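Everything on this sheet refers to the single structure shown next.
Read the figures in this text as sums done on the coordinates, not as results from a lab. Given the structure is predicted, the values throughout are model-derived calculations rather than measurements. Cβ placement follows ideal geometry from the backbone for every residue including glycine, while neighbour counts extend to all protein chains displayed.
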Amino acid sequence: MKTFTDYLWFNTAREREMVHITPQVEAIVKASGVEDGLCFVSPMHITAAIYVNDHEGGLIEDIGEWLEKLAPARPEYRHHQTGEDNADAHLKALLLHHETTLPITKGRLDLGTWQRVFYAEFDGRRRKRVIVKILGV
Amino acid sequence: MKTFTDYLWFNTAREREMVHITPQVEAIVKASGVEDGLCFVSPMHITAAIYVNDHEGGLIEDIGEWLEKLAPARPEYRHHQTGEDNADAHLKALLLHHETTLPITKGRLDLGTWQRVFYAEFDGRRRKRVIVKILGV
Amino acid sequence: MKTFTDYLWFNTAREREMVHITPQVEAIVKASGVEDGLCFVSPMHITAAIYVNDHEGGLIEDIGEWLEKLAPARPEYRHHQTGEDNADAHLKALLLHHETTLPITKGRLDLGTWQRVFYAEFDGRRRKRVIVKILGV
């Protein structure tokens, strides 16, 4: 059995941004030498998430608006009494369940035709790290 | 260490449908010969999800209504400018976090009394595939 | 390859409660002897969830209020026709996606500075069980 770990770094120009990362994750899978297994991808932060969906600009905007509607930025969160102003970013990350697992078959991500991996940043403009850990044979 | 992969196919009669799949997943676990490990289950599509909850008809309807309330079908999504009409199906799949992982102990899914595995289809009436990948010993 | 399984038990004093469990999960990781791998944590119930976020009291209250807003307790759920009264607890658990996977590196949970693991109880005051299953080397 093999294990392989790598880290990706992001520093988005905007506070909220969806970054397509399938190629970077695929490159790590290839570097791992794992032919069959699982690839776990997760931000090491609590205001970002990894999700799998369509790489289509309109839908990506729809997802952003939908997250804002269900987990809106507003001043009244209790978390802001600590001096923070990003409680909505925590809620948005929870809504997308921060982490995801991807299957590896024959040395590649075993994804469907339209499945793409995204890093969803909700509190950007700072350096943030994503862990990619692979288990398999 | 063993790995084992199988695929389930669905073609639901209705556009939205919750399909109970615990028996099919259990059968794959048995076929894998894995006694202790993890079983990853995920649609290979971006308008469906796997979730774990109660096999009770009323609750299944409640879940459907709740998803419709939080991620409603409506014409105005930007994604629809591409000619698609299923943006809400993408959002519903994101809300349920499309994939799930299940523990295997002593050769069986190690689930609680009421935990059952469901395939949640939000854009059906077409053939769709679910990957089941097992890692363990 | 090693596998290791343990179970945590909870019996919260309140119906809804967020319980910080990072130390318990860390202890299981240490007991497993796994240096590099994945740690899967999931309630064996359908009205509780595991999530990763900030250990800050204000935010924890924000999360609770947010869940109540998106998945409110109310009498009208169909599930209640069975005599149950906890449909909202099922929906809240689905919203947080009940389970989580955590990376292990160098024998420890490989979490970011602010990442903490929580057991989210939505139908407490009874004994409930969480499975922790570790795979790795």
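Rundown of residues vs (1) closer than 24 Å to residue B:99 by Cα; (2) away from chain B (no Cβ under 14 Å); (3) hydroxyl-bearing (Ser, Thr, Tyr), yes/no style:
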position	(1), (2), (3)
C:7	yes, no, yes
C:17	no, yes, no
C:20	no, yes, no
C:25	yes, yes, no
C:28	no, no, no
C:31	no, yes, no
C:34	no, no, no
C:37	yes, no, no
- line: Taking the stretch C:25-43 and keeping only residues that are outside any loop (DSSP other than H, G, I, E, B), in contact (Cβ under 8 Å) with a residue 40 or more places away in the chain and surrounded by fewer than 19 Cβ atoms within 10 Å (Cβ to Cβ), one is left with C:26, C:30
- request: Can you give me the number of residues within the stretch A:96-119 that are within 11 Å of chain B (Cβ to nearest Cβ), in contact with a His (Cβ under 9 Å, 6 or more places away or on another chain) and not in a loop (DSSP other than H, G, I, E, B)?
  value: 3
field: Residue among A:18, A:1, A:44 that alone is closer than 27 Å to residue B:32 by Cα and of a type in the set (A, V, I, L, M)
entry: A:1
- request: Would you check if there is a residue in the stretch C:54-66 being closer than 28 Å to residue B:118 by Cβ, in contact (Cβ under 8 Å) with a residue 12 or more places away in the chain and either in contact with a strand residue (DSSP E or B) (Cβ under 9 Å, 6 or more places away or on another chain) or outside any loop (DSSP other than H, G, I, E, B) (or both)?
  value: yes
- line: Reported set for the stretch A:79-112 where residues are of a type in the set (Ser, Thr, Tyr) and under 19 Å from the mean Cα position of the chain (by Cα) is A:100, A:101
message: So residue B:92 passes all but one of these: (1) farther than 21 Å from residue A:61 by Cβ; (2) crowded, with 23+ Cβ neighbours inside 10 Å; (3) among the charged types (D, E, K, R). Which condition number does it fail?
response: (1)
